[in-house]
Amino acid sequence: MANTKSAKKRISIIAKRTLRNKMIKSRVKTFISNFNKSLATGDIETIKEKLRLAVKELDKAATKGVLHKNTVARKKSRLYAKFNALLKSAASNE
């Protein structure tokens with residue numbers, strides 16, 4: 001256990017930040033899963049909106065320093081790849 005006043009304060013700060021980081025990561029996962037679920041519906045407009053929201057949350061997490069910028073870039077790339085594959089298959093079906 002911490003002995004000094006400053007060490008005790010640091011423990012408190014770390015606990016708050018850990019809680020905030022966990023909340024933000026959970027929110028990002030929720031938006032990504034909402035996007036993945038919307039892919040099954042096939043409604044392009046809904047999927048596009050869910051993609052926009054997921055990308056926005058990922059960018060926010062990178063800005064806050066919760067996720068590394070390269071991690072965010074990789075996740076966004078995968079989301080866009082899924083979306084573009086869906087558009088391509090929709091175009092070939094028409």
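Here are some residues: Lys29, Lys69. Which one is within 27 Å of Arg17 (Cβ to Cβ) and over 10 Å from the mean Cα position of the chain (by Cα)?
Residue meeting the stated conditions: Lys69.
Results for (1) of a type outside the set (Phe, Trp, Tyr); (2) modelled with pLDDT of 95 or more; (3) touching a helix residue (DSSP H, G or I) at 6+ places or on another chain (Cβ under 8 Å), shown as yes or no for each residue.
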site: Lys8; (1), (2), (3): yes, no, no
site: Ile14; (1), (2), (3): yes, yes, no
site: Arg17; (1), (2), (3): yes, yes, no
site: Ile24; (1), (2), (3): yes, yes, yes
site: Lys29; (1), (2), (3): yes, yes, no
site: Ile32; (1), (2), (3): yes, yes, yes
site: Asp43; (1), (2), (3): yes, no, no
site: Ile47; (1), (2), (3): yes, yes, yes
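Testing Asn34 on (1) out of contact with any Leu (no Cβ under 9 Å at 6 or more places or on another chain); (2) of a type outside the set (Asp, Glu); (3) closer than 18 Å to Leu58 by Cα, one condition comes back false. Which one is that?
Answer for Asn34: the failing condition is (1).
Identify all residues within the range 18-75 that are farther than 19 Å from Lys88 by Cα and not in a helix (DSSP H, G or I); write none if there are none.
Of the range 18-75, the ones farther than 19 Å from Lys88 by Cα are 18-34, 53-75.
Result: Gly65, Val66, Leu67, His68.
What pairs can you find where one residue is in the range 63-86 and farther than 16 Å from Lys29 by Cβ and aliphatic (A, V, I, L, M), the other is in a loop (DSSP other than H, G, I, E, B) and at pLDDT below 95, and their Cβ atoms are less than 9 Å apart, with a gap of 6+ or different chains?
Going by the 9 Å Cβ cut-off, the qualifying pairs are Leu86/Gly42.
Being surrounded by 11 or more Cβ atoms within 10 Å (Cβ to Cβ) and not hydrophobic (A, V, I, L, M, F, W, C) is the filter here; which residues of the range 13-28 pass it?
Arg17, Arg20, Asn21, Lys22, Lys25, Arg27
How many of the residues in the range 21-41 are touching a residue at least 24 places away in the same chain (Cβ under 8 Å) and not polar (S, T, N, Q)?
8
I need the full set of residues from the range 1-12 which are assigned to a helix (DSSP H, G or I) and either loosely packed, with under 10 Cβ neighbours inside 10 Å or hydroxyl-bearing (Ser, Thr, Tyr) (or both), in order please.
Across the range 1-12, the qualifying residues are Lys5, Ser6, Ser12.
The values are calculated or read from the model by the stated rules, or taken from the named source; none is laboratory data. Remember, it's a predicted structure, so these values are computed and weren't measured experimentally. Cβ atoms come from the backbone with ideal geometry, glycine included; neighbour counts cover every protein chain shown.
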